[in-house]
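Asker: Right, I'll just put the structure down here and ask away after.
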Amino acid sequence: MQSIESTLKIDLSNFNVVIEEPRLVEDISDFLRLCWVFRLPLFVLTSDNERVENLVAKAKKITKGIDYDKFTLKYIPYLSKDFIKVGFSKHSNQNELDLLEFFKDNSDDRICLVFGNDTYGLSQDVRDDLDYCFRLTTELKKPLKASQALSYILGVYAGYKL
């Protein structure tokens, strides 16, 4: 299987992905698949490892084709200060054009893309801890699911890099 790096020559090695307190097996499965395809490390931000580990185990059973020995999946209690923390929320005043500017200004920096769960989005504590926050699309009543948002962002980034 070829990765995006080998087909489009886009380097994603400076990105990490975080999902906060996932609640649905299908959402975790989508993140596992996307992160595997694009060779992105996945971190699960949680205060309840046991609950989330059970969900991840179920998601792994329905997500075929991933070699978990070669996949970075870790549980974390807080966001690292080693990355620029970029979150996505319908509550943000910055949009996709601002995200493009961010990518241009920070193309060589280590970036952590932070997503909330599909029930509540990002918690206020996590939003307060972000370095940047962007709104994706103009839809506020039914915003993108977190995994759709990750796909959208990767598309925006690939378009910028091409």
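The values are calculated or read from the model by the stated rules, or taken from the named source; none is laboratory data. All values derive from a computational prediction rather than experimental measurement. Cβ atoms come from the backbone with ideal geometry, glycine included; neighbour counts cover every protein chain shown. The area values use the complete protein model at the heavy-atom level, side chains included, leaving out ligands, DNA and RNA. Shrake-Rupley method; radii C 1.70, N 1.55, O 1.52, S 1.80 Å.
Asker: Within segment 128-149, work out how many residues are open to solvent by less than 60 Å² (accessible area, probe 1.4 Å) and of a type outside the set (S, T, N, Q).
Answerer: Just the residues of segment 128-149 that are open to solvent by less than 60 Å² (accessible area, probe 1.4 Å), to begin with: 129-130, 133-137, 143, 146-147, 149.
Applying the additional criterion that residues be of a type outside the set (S, T, N, Q) yields 129-130, 133-136, 143, 146, 149.
The number of residues fulfilling the criteria is 9.
Asker: Which of the numbered conditions does TYR152 fail, given that it passes all the others? Conditions: (1) in contact with a Leu (Cβ under 8 Å, 6 or more places away or on another chain); (2) surrounded by fewer than 14 Cβ atoms within 10 Å (Cβ to Cβ).
Answerer: Here TYR152 meets the rest and fails (2).
Asker: Restricting attention to helices (runs of 4 or more DSSP H) lying wholly within segment 82-162, give those where 2 or more residues are farther than 19 Å from PHE38 by Cβ and out of contact with any Cys (no Cβ under 7 Å at 6 or more places or on another chain).
Answerer: On the way: elements: 96-105, 124-129, 146-161.
Of the helices (runs of 4 or more DSSP H) lying wholly inside segment 82-162, those with at least 2 residues that are farther than 19 Å from PHE38 by Cβ and out of contact with any Cys (no Cβ under 7 Å at 6 or more places or on another chain) span 96-105, 124-129.
Asker: Still on this structure: Scan (1) over 21 Å from ARG23 (Cα atoms); (2) in a loop (DSSP other than H, G, I, E, B); (3) within 14 Å of the chain's Cα centre (by Cα) for the single condition LEU79 breaks and write down its number.
Answerer: Condition (1) is where LEU79 drops out.
Asker: VAL44 - would you say it is modelled with pLDDT under 95 and either in contact with a Pro (Cβ under 8 Å, 6 or more places away or on another chain) or surrounded by 13 or more Cβ atoms within 10 Å (Cβ to Cβ) (or both)?
Answerer: Against the criterion (modelled with pLDDT under 95 and either in contact with a Pro (Cβ under 8 Å, 6 or more places away or on another chain) or surrounded by 13 or more Cβ atoms within 10 Å (Cβ to Cβ) (or both)), VAL44 does not qualify.
Asker: Quick check: is even one residue across segment 75-83 open to solvent by 50 Å² or more (accessible area, probe 1.4 Å) and either of a type in the set (S, T, N, Q) or at positive phi (or both)?
Answerer: There is no residue in segment 75-83 that is open to solvent by 50 Å² or more (accessible area, probe 1.4 Å) and either of a type in the set (S, T, N, Q) or at positive phi (or both).
Asker: Sticking with this structure for a sec: Which one of these is open to solvent by 20 Å² or more (accessible area, probe 1.4 Å), at pLDDT 95 or above, of a type in the set (Asp, Glu) and farther than 19 Å from ALA149 by Cα: ASP109, ASP98? Walk me through how you get there before you give the answer.
Answerer: On the way: ASP98 fails: farther than 19 Å from ALA149 by Cα.
It is ASP109.
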